[in-house]
Amino acid sequence: MKYDIYYIDAFTDKLFSGNPAAVIFSDISDSSLMQNIAAENNLSETAFIDINSNEIRFFTPEIEVDLCGHATLASAFIYFNFINTEKNEVTFRSKRGSLVALKAATGIQISLPRDIYRK
């Protein structure tokens, strides 16, 4: 098996700063494989995006999480610059709903769902 893994520093334009995330666009559907890859990457999050459906999943080295802002931003950056350079908008389908990213003149804008505080 061979997959391209992109390492992105989100929220910065300086190397080795910001929030690092790994991004993988692929057809991987095996959760245990995703978890093992995320553990090997050893970053706060690794985002896996299904190349066919744009479903996005986030894994820490230990567990899967429902949402990660900086990994969503990193995924949009890879999408716009390497996967589909013709597009200015992408919608990722997450466990928390649709995550929309727009390519803007000043960078990338993302919309994330609002958290609801629960006691």
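Overview of values
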{"item": "Subset of segment 64-88 [surrounded by fewer than 18 Cβ atoms within 10 Å (Cβ to Cβ), in contact (Cβ under 8 Å) with a residue 12 or more places away in the chain and part of a loop (DSSP other than H, G, I, E, B)]", "result": "Asp66, Leu67, Lys87, Asn88"}
{"item": "From the options Leu67, Leu43, residue that is farther than 21 Å from Asp115 by Cα and modelled with pLDDT of 95 or more", "result": "Leu43"}
{"item": "Count - residues of segment 32-59 that are open to solvent by less than 50 Å² (accessible area, probe 1.4 Å) and either outside any loop (DSSP other than H, G, I, E, B) or in contact (Cβ under 8 Å) with a residue 40 or more places away in the chain (or both)", "result": "17"}
{"item": "Pairs with Cβ under 8 Å, 6+ apart, first in segment 104-119 and within 17 Å of Leu73 (Cβ to Cβ), second of a type in the set (Phe, Trp, Tyr) and surrounded by 10 or more Cβ atoms within 10 Å (Cβ to Cβ)", "result": "Ile108/Phe77; Ile108/Phe80"}
{"item": "Condition broken by Ala104, with the remaining ones in (1) within 26 Å of Asp13 (Cα to Cα); (2) of a type in the set (A, V, I, L, M, F, W, C); (3) surrounded by 12 or more Cβ atoms within 10 Å (Cβ to Cβ) satisfied", "result": "(3)"}
{"item": "Test set (1) hydroxyl-bearing (Ser, Thr, Tyr); (2) outside any strand (DSSP E or B); (3) open to solvent by 30 Å² or more (accessible area, probe 1.4 Å) - Tyr7 fails condition number", "result": "(2)"}
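The values are calculated or read from the model by the stated rules, or taken from the named source; none is laboratory data. Bear in mind the structure is a predicted one, so any value in this text is a computation, not a measurement. No Cβ is skipped: glycine too gets one built from the backbone with ideal geometry, and neighbour counts run over all protein chains shown. For accessibility, only protein heavy atoms count, side chains too; no ligands or nucleic acids. Shrake-Rupley method; radii C 1.70, N 1.55, O 1.52, S 1.80 Å.
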